[in-house]
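Structure first, then comments.
Please treat every number below as a calculation from the coordinates, not as lab data. Everything numeric here is computed off the predicted structure, so don't read it as measured data. Cβ sites come from the backbone with ideal geometry, for glycine too, and all protein chains shown count toward neighbours.
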Amino acid sequence: MIELRVNGVIHPLDVEPAMPLLWVLREVLGLTGTKFGCGIGQCGACTVHLDGAPVRSCQLAAGSAAGRAVTTIEGLAASAPHPVQEAWIAEQVPQCGYCQSGQIMSAAALLARVSRPTDAEIDAAMSGNLCRCGTYQRIRRAVRRAAGEPPHA
Amino acid sequence: MPDPVVSRRDLLKAGLIGGAGLVLAVHLDGCARLDADPPPTSAPFAPDAWIRIGTDGIVTVVVDRSEMGQGVTTALPMLVAEELDADWAMVRFEQAPVNPAYVNPLAGSQRTGGSTSVRAAWLPMRRAAAKARAMLVLAAARAWGVPARTCTTERGVVRHPATGRSASYGELAAMAGRLPVPADAPLKQPGDFRIIGRPLARLDVPSKVNGSAVYGIDVQVPGLLVATVARCPVFGGRLRRFDPARALAVPGVRHVVPIETGVAVVADGYWHALRGRQALTVEWDDGPLAGLDSAGVQRRLEDLASEAGVRVKSRGSDSPLHTSDARVVSARYDLPYLAHATMEPTNATAHVAGHRCTVWVPTQYQSGTLVGDGAREVAAHAAGLPPSAVTVHTTLLGGAFGRRVEHECLSEAVQLSKAVGAPVKVIYSREDDIRHDHYRPVSHHRLEARLDPSGRPVAWRHKLVAPSIMSRFVSPYLPGWLAHRFGPVKHGIDNAAVEGAASPPYRIPAFRLDYVMANIGVPLGFWRSVGHSHNIFVVESFIDELAAAAGADPYRFRRELLVDHPRLLAVLDLAADKALWGSPAPEGLGRGIAIAELYGGYVGLVAEAGVESGAVVVRRVVCAVDVGTVVNPDIAAAQVEGGIVFGLTAALKGEISFKGGAVRQGNFDDYQLLRLPEMPAIEVFFVPSAEPPAGLGEVATPVIAPAVANALARATGRRVRRLPIRPESLTA
């Protein structure tokens, strides 16, 4: 039995502590916004926040998240969309959309840490998130927009 | 993407397939029918298969193509909203069930592919909406006792200007629903469009930024079990024996089930299933491909290049090109197998209960007609039920690119649900997805050309050696001579292998393309832009080599040979113009240009690329596109951006190779995709046009690789003739 705090709600869960957080979120808690892409921490589709920092939930044992604050895409904003989500809509980033939860979580973590990131900081923070549809140009613009910078490429 | 169903229809109607993509609408005139699901969401006003208007005024457009990122759930509703004069804020979409009304007229089956969605819907959906509008107008006119022609429509409201009366579509829906559907209704003139041509926000985006969008892998059904399947790592291998004991000992594992493709571990969740599979004892008979390796494939292709092959096309003089002739240019090109690597791994969910089978599947191909490889037919076969007993729910697709017309995974899910008596979701691990794909075929090319004294090419010969995607659709029940004349590989020519190479647009008097089919045994499939993905690289690289041999500017060289192709010439000029072709390239970089025509669309692209710190860098891409009328310029630009990234990823990184019969790559560490820091700045320009829409989703994919190779030739003086590009080959 472990206790997970996800999006502000405490869940006592009868799961093996070694089970990756990703699968606890998706299959036990029904929070399917966090995606499975590779299972080895290479694609970033499963990115969530652990105490505000971006982590690959496919690589994190659920037991290691116990007692810490887990935030998923569903909990990123309480009511109104998060500025990053607004920027994603304004720049019409998603195509298939599958990777975008992870992209948004990485971007939100970056902007929480650095309010006006440089291009190099954006590149570094977002390099772990793959997008097969090729939305990277719009992701760059959206991150800049969310940071209040001109969104030009 | 060529459609096997269409090809089979050659038996009925000869001469279907044109040089690039599909060109003929196939009507289901009773010769083959789909079993129909009832229409979705009943509404008071449902004049046809696509449009539902409720008393609340909500216009629901039933979208009969799969949403795989291309924006079809916005573009098709825009077509309806335009002719309906709907209020865009009131428009919603819904995914279509399986029904003959939803057959793609450009494919002959209910499928999404071949860049057909908008061009296939362009007239039928607009006509349907125009008729619906006419019915709403008539309902209002009758209620008001005025002539229908004196009424107008605007943003979901019918008005009678003379009396100032008005009624919303919601108010009129019930009345309109009782009227007969008119035989015809006039369409708007392009100058009157107020929705088509506008960069409206996508209807699916809000759900894709908050985690609520439901992909196949997200489907939740009460009592759902999750399975992973251990498959033989060698294609065509078989299960020799297995022992379920250790897998069954893993907590959460419920069943171990041998199925057609391997041994499935069915568990409470994916992690448990995967752990069970890792514990499984299984032994394979690798079969005849046990020795497959990439060097052997290459040798085989080169051996086959000495065979005559099949003459695909020839014109002009057939006299030999003497290699001793100083004006003869020759080159060989090689392109590898490629995986699709959609971000959402392959998956499917099925529930077989009694005499019903329900499936939830991210599919591009809901139902076929004759071949039986659509989702509904595959599920029916696996369940042992008639197709009419199967309900197909199409979820969102986390990428597709041609991967999701294949349905082994769906078959596995159905077999397992039937076997264990519960709903089952099969999820491919990323390694499963990379190692059990249907790959873009490998290809080997030999080209020769002769230039006249002025440097103009007068002869072009191309021998193309490649496996055939379409061969697997040749019916084993057809007599050989009949298949040879009418089958999907007519006269030994696979159109999916030769498209893009058979008709280079350049005016060259003597031309010859020969195709040698190479049967390797690796499963093949349709990969964004299909044959163009390799052939355009070859044609556009070689024409650049000819320009270099002639001492000509590659842009002007192409220009002079494009006299018969004004639309291609226009995109070539536009790309060159926007890229400031004549100006010096940025320090250390070269500029390269390439063009193509595919699926009715035209593309010209300029790339700026070079080698920095031992890596190929692409800084800027300028792309000019003519796809006729652009329904939504922002979505269209996104498709071009994405198509370029897809092609660039292949050019710089993509390669599936084999060792000991198995695919060597398995995940994104060794089958790498382009990452954000490597992303060039992409500028997209559309040629203004009132022509009907052409194919868009694949048009940009094949031109980026040759443009980059051509840019690198200028930057480094070295010619790339093998993909993916190895930077060390440019600096050694």
- Expressed as a whole number of Å, what is the distance separating the alpha-carbon centroids of the stretch B:479-514 and the stretch B:105-130? 26
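Computed FRET efficiency, Cβ-Cβ of B:Ser657 and B:Ala308, R0 41 Å: what is it to the nearest 0.05?
Details: r = 29 Å, r/R0 = 0.70.
That pair, B:Ser657 with B:Ala308, gives E of 0.90.
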- Within the stretch B:279-298, which residues have the backbone N less than 12 Å from the label spot 7 Å out from B:Arg246 along Cα→beta-carbon, could you tell me? B:279-283
- Task: List the lysines whose Cα lies under 23 Å from the Cα of B:Lys131, skipping any in the same chain that are fewer than 8 positions away.
- Result: B:Lys188
- Given charges of +1 on the Cβ of Lys and Arg and -1 on the Cβ of Asp and Glu, with all other atoms neutral, how large is the dipole of the stretch B:438-583 about its Cα centre, in debye to the nearest 20? 360
- Candidate aspartates and glutamates for bridging to B:Lys208, where Cα separation is under 15 Å - those fewer than 8 sequence places away on the same chain excluded: A:Glu74, A:Glu86, A:Glu91, B:Glu67, B:Asp218, B:Glu344
- Could you please report the charge total around B:Gly223, scoring K, R as +1 and D, E as -1 over all other residues with beta-carbon less than 12 angstrom from its beta-carbon? +1
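Sort B:His534, B:His381 by Cβ crowding within 10 Å, fewest neighbours at the top. Provide the component values of the computation, followed by the final result.
Numbers: B:His534 32, B:His381 17.
Least crowded to most crowded, the residues run B:His381, B:His534.
Averaged over all directions, how much area does the convex hull of the C-alpha atoms of the protein assembly as shown cover when projected, in nm²?
Working: hull surface 151.3 nm².
Spelled out: convex hull of the Cα atoms, projected over all directions, averaged, 37.8 nm².
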- Long-range amide H partners of A:Ala69, meaning residues 5 or more apart or on another chain whose placed amide H is closer than 5 Å, are A:Asp51
- Query: When B:Cys409, B:Cys151 are ordered from fewest to most other Cβ atoms inside 10 Å of their Cβ, what list results?
  - Reply: B:Cys151, B:Cys409
- Query: Over chain B, what is the relative contact order in whole percent, taking alpha-carbon pairs under 8 Å and six or more residues apart?
  - Reply: 15
- Item | Magnitude of the charge dipole, the protein assembly as shown, Cβ model with Lys/Arg +1 and Asp/Glu -1, debye to 20 | 860
- Query: Whole-Hz Karplus ³J(HN,Hα) for the stretch B:492-504, in order, using 6.51 cos²θ - 1.76 cosθ + 1.60 and θ = phi - 60°, x for Gly and Pro?
  - Reply: x, 10, 8, 4, 5, 8, 9, 4, x, 10, 6, 9, x
- Item | Those residues of the stretch B:621-653 whose amide nitrogen sits under 14 Å from the label point placed on B:Glu612, 7 Å along Cα→Cβ | B:621
- ³J(HN,Hα) across the stretch A:21-37 via Karplus (A = 6.51, B = -1.76, C = 1.60, θ = phi - 60°), whole Hz, x for Gly/Pro? 3, 3, 7, 5, 4, 6, 9, 9, 8, x, 8, 8, x, 7, 9, 8, x
- State the answer as a single residue: which of B:Ala120, B:Phe646, B:Phe486 lies farthest towards the positive end of the charge dipole of chain B, with beta carbon charges of +1 for Lys and Arg and -1 for Asp and Glu, about the Cα centre. B:Phe486
- Among GluC sites (Glu not before Pro) in the stretch B:678-719, those in a DSSP loop whose Cβ has at most 10 other Cβ atoms within 10 Å are none
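Are there DSSP H segments in chain B that both extend 30 Å or more along their axis (alpha-carbon positions) and score a mean Kyte-Doolittle hydropathy of at least -0.5? List them, or say none. Write out the running numbers ahead of the final one.
Details: long enough: B:117-144 (39 Å, 0.46).
For chain B, where a helix must reach 30 Å along its axis and average at least -0.5, the hits are B:117-144.
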- Message: Once each part is reduced to its C-alpha centroid, what is the distance from the stretch B:616-667 to the stretch B:411-431 in angstrom?
- Response: 32
- Query: Taking 0.36 nm per residue of separation and subtracting the Cα-Cα distance, what length does fully extending A:Ala112 through A:Met1 add?
  - Reply: 36.8 nm
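Ranking B:Lys208, B:Lys188 by Cβ neighbours within 10 Å, fewest first, what do you get?
On the way: B:Lys208 27, B:Lys188 17.
Listed from fewest to most nearby Cβ atoms, that is B:Lys188, B:Lys208.
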- Post the alpha-carbon centroid distance, the stretch B:329-393 to the stretch A:13-90, in whole angstrom. 30
- With labels modelled as points extended 7 Å from the Cα through the Cβ direction, what inter-label distance (nm, one decimal) is found for A:Ala18 paired with A:Ala90? 4.7
- lysines within cross-link reach of B:Lys463: Cα-Cα under 16 Å, excluding same-chain residues under 8 positions apart? B:Lys313
